[in-house]
Amino acid sequence: MPFPGGIDADANATLLFSLAAAVIYAFTIDMPPKLARSAVKTLAVAMLAVLASLQGGPWLLIAALALSAIGDALLSRDGEKAFVGGLASFLVAHGLYIALFLRSGDGVGLFLAEPWRAAITGAMAVFALAMLFALWRRVGPALRLPISVYIATIFAMGISALTLSNLWVVGGAVLFMASDGLLASEKFLLSAISPHRIWTRHAVWMLYYAAQMGITMGFLLG
């Protein structure tokens, strides 16, 4: 167990609860959106917020995880209003992650000392611009500004993570960007009958949960 006290300890039990909810949701992704399915999805990351609180994690981490759980609940429902609400929740969560990473990081000097960080930043920039270009042509006018702001924010989150020496957090940020890119592709770029929708939904969830887990454990154990 990663935390003291064995499996009966509150922290370890909470972590296992989160993992169990994530696995259960992975097996229900293709089912119709029902309340139980939404609850399981929400609990997976909500339990990470509880874990961070139990372990005395930074309040910015706890708040970001809690807002992410709210975003999960909204995105688990159908409709454009739920999607925009989920987008807003994650937008604020990413803003909190940016503040957390910049407060905890070692500054831009790392980019000069370790050039691989600058290389990843360049890759992130290309990825963000490619997603913006692809989505701009496919979404309606009402969604263009929110999506553009979201892409810029998650790009800023990725860059700010690169100011940390904790590779768990850096990896989590990269996985978060990959998950959001796949989610946007599945929602806006793939046709309704595309066979790729089957695997993209599962990949989005696995990448996303691994991202939140990596960031959480990076701060709690790092």
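Bear in mind these aren't lab numbers, they're just calculated from the coordinates by the rules spelled out. Keep in mind that this is a model prediction, so the values were computed, not measured. Note that we place each Cβ from the backbone using ideal geometry, even for glycine, and neighbour counts take in every protein chain shown.
Give me the orientation-averaged projected area of the Cα convex hull of segment 49-91, in nm², one decimal.
Its average projected convex-hull area is 2.7 nm².
Stretched out fully, how many nm does the piece from Phe133 to Ala203 gain, at 0.36 nm a residue minus the Cα gap?
Length gained between Phe133 and Ala203: 22.9 nm.
Ignoring solvent entirely, what values of log10 I(q)/I(0) come out of the Debye formula for segment 10-221 at 0.09, 0.11, 0.13 Å⁻¹ when each Cα is a single scatterer?
-0.34, -0.51, -0.72
Using Cα pairs closer than 8 Å and at least 6 residues apart in sequence, work out the relative contact order for the chain, in percent.
Taking the mean separation of contacting Cα pairs over the length of the chain, I get 18 percent.
So if we plug the beta-carbon distance of Trp116 and Val84 into 1/(1 + (r/R0)^6) with R0 = 30 Å, what FRET efficiency do we get, rounded to 0.05?
0.25
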